[in-house]
1. I'd like to check something: does the range 119-139 contain any residue that is exposed (fewer than 11 other Cβ atoms within 10 Å of the Cβ) and farther than 25 Å from residue 62 by Cβ?
2. Just need a number here: residues in the range 157-173 that are in a helix (DSSP H, G or I) and farther than 25 Å from residue 52 by Cα.
3. For the range 67-156, give me every one of the helices (runs of 4 or more DSSP H) that falls completely inside it and has 1 or more residues that are under 15 Å from the mean Cα position of the chain (by Cα) and free of Cβ contacts under 8 Å to residues at least 60 places away in the same chain.
4. Answer yes or no as to whether residue 100 is touching a strand residue (DSSP E or B) at 6+ places or on another chain (Cβ under 6 Å) and at positive phi.
């Protein structure tokens, strides 16, 4: 009888635990909808997917199929965009992620009016200077490792005068045009050059050895003085 009672109690416990797990799962599923009911209906129709124009797919395919080297710069050279096919909303430029190749992205931040907070990417700043130079800056773009220039035609922003005429047209569809930077394309690495790093390591090692030797000498001197005082 005691065994049957224990078994019945165990079964009841498992049943209660199962019901508790189901209840927790239901609460976890319903709670977000209860807190944000608009999400259940797509924010009352305000959430709609944006589809990239076919020209973007064509440019991406061209870049992926090309054996030419170099990173891409997207014009207008600014971080934000406003596309008609995205509801004219201000968005972060999607091209650097969509195109599937390494991109040089401006990190200077415009803050109202003419105020601009400088960025931290030295290469991005040098690319901006090369673009502002127009045709005279094409060689500098190549030296900075820029092999491609993509131009978004359906968003506000300035294009440097005379720059595109100095590039080789690859895709010209009026939506997302693609140009090739002529000449030998340099390489760019975010890793600092080896000699300064090695020199810094040597200096640090010398400082560490000298400091360690000084600590050991002071400890030895204190030990000797302690032994002398004990002997006297």
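The values are calculated or read from the model by the stated rules, or taken from the named source; none is laboratory data. Computed from a predicted structure; not experimentally measured. No Cβ is skipped: glycine too gets one built from the backbone with ideal geometry, and neighbour counts run over all protein chains shown.
1. Restricting attention to the range 119-139, the residues satisfying the condition of being exposed (fewer than 11 other Cβ atoms within 10 Å of the Cβ) are 120, 122.
Of the ones still in play, those that are also farther than 25 Å from residue 62 by Cβ are 120, 122.
Yes: one or more hits.
2. So in the range 157-173, the residues in a helix (DSSP H, G or I) come out as 164-166.
Restricting the remaining residues to those that are farther than 25 Å from residue 52 by Cα gives 165-166.
Of the residues in that region, 2 qualify.
3. On the way: elements: 95-98, 122-132, 138-143.
Because the criterion is at least 1 residues that are under 15 Å from the mean Cα position of the chain (by Cα) and free of Cβ contacts under 8 Å to residues at least 60 places away in the same chain, the helices (runs of 4 or more DSSP H) in the range 67-156 that meet it are 95-98, 122-132.
4. Numbers: touching a strand residue (DSSP E or B) at 6+ places or on another chain (Cβ under 6 Å): no; at positive phi: yes.
Taking the combined requirement at face value, the residue does not satisfy it.
Yes/no per residue for (1) surrounded by 17 or more Cβ atoms within 10 Å (Cβ to Cβ); (2) over 27 Å from the mean Cα position of the chain (by Cα); (3) closer than 25 Å to residue 142 by Cα; (4) modelled with pLDDT of 80 or more:
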residue	(1), (2), (3), (4)
174	no, yes, yes, yes
189	no, no, yes, no
199	no, yes, no, no
202	no, yes, no, yes
206	no, yes, no, no
